[in-house]
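Step one of this worksheet: look at the structure below.
The values are calculated or read from the model by the stated rules, or taken from the named source; none is laboratory data. Source: prediction; values computed, not measured. A quick note on method: Cβ atoms are made from the backbone with ideal geometry, for glycine too, and the neighbour counts reach across all protein chains shown. Note: accessible area is taken over every heavy atom of the protein model, side chains too, but ligands, DNA and RNA are not part of it. Shrake-Rupley method; radii C 1.70, N 1.55, O 1.52, S 1.80 Å.
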Amino acid sequence: MIVTATALTACTKTDTGSETTLDDLRKAGTVSVAYANEAPYSFDADGQLTGGTIALHREVFRRLGVNELKGVKTDWGGLIPGLNAKRYDLVSAGMSITPERCGQAAFSVPEINYTTALMVQPGNPKHLTDMDSIKRSGAKMAAMTGAIEADYASELDIPDPMLVKDQQSGIDAVNSGRVDAFALTAVSLNYAKTHTPGLNVEVTQPFIAFIDGKPQNPAGATVFRKEDTSLRDAYNAEVKKILADRTEYMKILGPFGFTEENIPDPSLTTDRLCRGE
């Protein structure tokens, strides 16, 4: 069963005490993770918590001596605030590493490289291909509150984007005709189209967004509280082994639609992304 936010409000210790957070997690045998119900990263399926980042976290924490993982469903915009309020131990959502977010929390090494796509009406009547085409055409777009696609819309001065709380709300907005496009990661939109019977929409080809002429290179990672440095470092030590082994990476994330193209280049570091490079 999935554990809800109301059932997981107890605070967890951080590395500032005599014992580290990882020590506490090992004693409890459980790690609590926040998820935003975005398939195929972390989502509910028939009452069970699943997804690529969930599978990755289950494996890494098993190696760290923590065998149980519990989920706390949270709107995307509340993931980092809830983390810092100690409602859970980390965020499992494939969250992009950005300078603004790095000011609020600590990120693991990059774990998932991805591109953006648009979910559009059948036939793509406005011929949308990327963020710039949305702006040029005057199309109405949707993005999740707090997601990087909403940042793109803001930086490109796309007027009045519809901000939705989760993936399904964005899909519904396109399906009902309330917006012309829903911007999200390509792997998310393709997974939704493939796994939603009767969904009559199209997904555009993946693209890299450009801001001020600079290509964006988003990479998702696990999010920790800033004070949980030893937990993050222990996590990084194990996840790097998986990232370095393509067969192991695909064994864990492949069942959810991720491919070898999602494995980040080792030269793409958290420090670089935190600096906006």
Of the listed peptides 213-226, 152-165, what is their order by residue-averaged count of other C-beta atoms within 10 Å, with the highest listed first?
-> 213-226, 152-165
Give me the percent of DSSP beta bridges within region 112-234 that run antiparallel, rounded to the nearest 5.
-> 70
Karplus-derived 3J(HN,Hα), 6.51/-1.76/1.60, for each residue of region 187-203, Hz, glycine and proline x | 5, 5, 5, 5, 5, 4, 5, 5, 9, 10, x, x, 6, 9, 9, 10, 10
Hey, which lysines would be in cross-link range of K165, C-alpha to C-alpha under 27 Å, not counting anything within fewer than 8 residues on its own chain?
-> K70, K73, K86, K126, K135, K140, K193, K226
Listed residues R62, R178, R136; largest mean-square fluctuation, Gaussian network over the chain with Cα springs below 10 Å, found at R136
Can you tell me the 0 to 90 degree angle between the C-alpha axis of helix 52-63 and the longest principal axis of the chain, rounded to 10?
-> 10
Given a 1.4 Å probe and every protein chain left where it sits, what share in percent of the accessible area of region 88-178 is carbon and sulfur?
-> 47
Could you rank the peptides 256-266, 31-41 by their average count of other C-beta atoms within 10 Å per residue, with the highest value first?
-> 31-41, 256-266
Looks like region 154-268, by Cα gyration tensor root eigenvalues a ≥ b ≥ c and the a/c under 1.5 rounded cutoff (else prolate when a/b is bigger than b/c, oblate otherwise), is prolate
Geometric extent, Cα atoms of the chain - Rg, Dmax (angstrom) = 18.3, 61
accessible surface per residue for the chain, probe 1.4 Å, DNA/RNA/ligands not counted, whole Å² -> 44
By its C-alpha gyration tensor, with a ≥ b ≥ c as the square roots of the eigenvalues, how is region 129-184 shaped: rounded for a/c under 1.5, else prolate for a/b larger than b/c, else oblate?
-> oblate
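Would you mind computing the Rg to Rh ratio of region 75-189 from its alpha-carbon coordinates, Kirkwood style for Rh?
The Rg/Rh ratio comes out at 0.99.
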Which of P206, P110, P197 fluctuates most in a GNM of the chain (C-alpha springs under 10 Å)? That residue is P197
Using alpha-carbon positions, the gyration tensor of region 197-258 gives root eigenvalues a ≥ b ≥ c; with a/c under 1.5 called rounded, otherwise prolate if a/b exceeds b/c, else oblate, the class is oblate
Over what distance in Å are the Cα centres of region 214-277 and region 76-121 separated?
-> 12
At 1.4 Å probe size, with no ligands or nucleic acids counted, give the accessible surface of R63 in Å², nearest ten.
-> 80
